1. Of the residues A:82, A:13, A:70, which exhibits the maximal mean-square fluctuation in a Gaussian network model of chain A defined by a 10 Å Cα contact cut-off?
2. If I model a spin label as a point 7 Å beyond the Cα along the Cα-Cβ vector, how far apart are those points for residue A:41 and residue A:96 in nm?
3. Over chain A, what is the relative contact order in percent, taking alpha-carbon pairs closer than 8 angstrom and at least six residues apart?
4. Would you mind classifying the stretch B:1-103 by shape? Square roots of the alpha carbon gyration tensor eigenvalues, ordered a ≥ b ≥ c; an a/c under 1.5 is rounded, otherwise it is prolate if a/b is larger than b/c and oblate if not.
5. May I ask you to derive the relative contact order of the stretch A:68-114, considering only C-alpha pairs under 8 Å and at least 6 residues apart, and to give it as an integer percent?
6. For the modelled label position 7 Å from the Cα of residue B:75 along Cα-to-Cβ, which residues of the stretch B:19-36 have backbone nitrogen atoms closer than 11 Å?
7. Work out the mean other chain Cβ neighbour count within 10 Å for the residues of B:42-55 and drop it here as an integer.
8. Given R₀ = 35 Å, what would the calculated FRET efficiency be for residue A:74 paired with residue B:95, taking r from the Cβ atoms and rounding to 0.05?
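We did not get these values from a lab; they are worked out from the coordinates using the rules stated. The structure presented is a predicted model; accordingly, all values stated were derived computationally and were not measured. Note that each Cβ is placed from the backbone with ideal geometry, even for glycine, and that neighbours are counted across all protein chains shown.
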């Protein structure tokens, strides 16, 4: 079956521009997560969607970052007025309800802000 | 403050050697997951340990959860170049998002 897909796989943008990253989770997975991974680092939690509950936005680093999810399907992560420090791989994962379940990760979007 | 500390941060060994990497915390977790991430890909789950003191084996990999459910270790026997990657531990606490460590980057040289 299809896994988690993300697009684009690579994005190069100029400082100050807005970007949108897309995540298609595994069908039937009610939980969806966004993480940021800087070069050579571990995963930094950004935001968590669980069904129809209000998302957990506690990991978003600034108000330039936002994310939406349509029902239990596609999610988009938007970064406004990008800065060079936003350069990283942005990973999306989905799982059955709750963090105790295995998370299935997409391949990530590599964002480079010049 | 990093909730889950992983050590060592980097490890480079020769094929055939044994190694242990650690995941430590002052917090208690209901379970702990280990993932491996290869370059250009997302992490993939290796194992979940749930019970304090639990030991799970996956071929040449042995995972142990500490009795107090605050720490875990991963031991690899006779490492192979295919074991190269970033090993991440992640702690589960209720329904809050997973807490990831920064990972141990392992390089196995043939």
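1. Judging by the Gaussian network model, the answer is A:70.
2. 3.3
3. Here the relative contact order equals 38 percent.
4. Prolate is the answer for the stretch B:1-103, as a/c is 1.5 or above and a/b outweighs b/c.
5. 37
6. Only B:19-21 fall inside the zone, counting backbone N under 11 Å.
7. 3
8. On the way: r = 23 Å, r/R0 = 0.65.
For R0 = 35 Å, the calculated efficiency reads 0.95.
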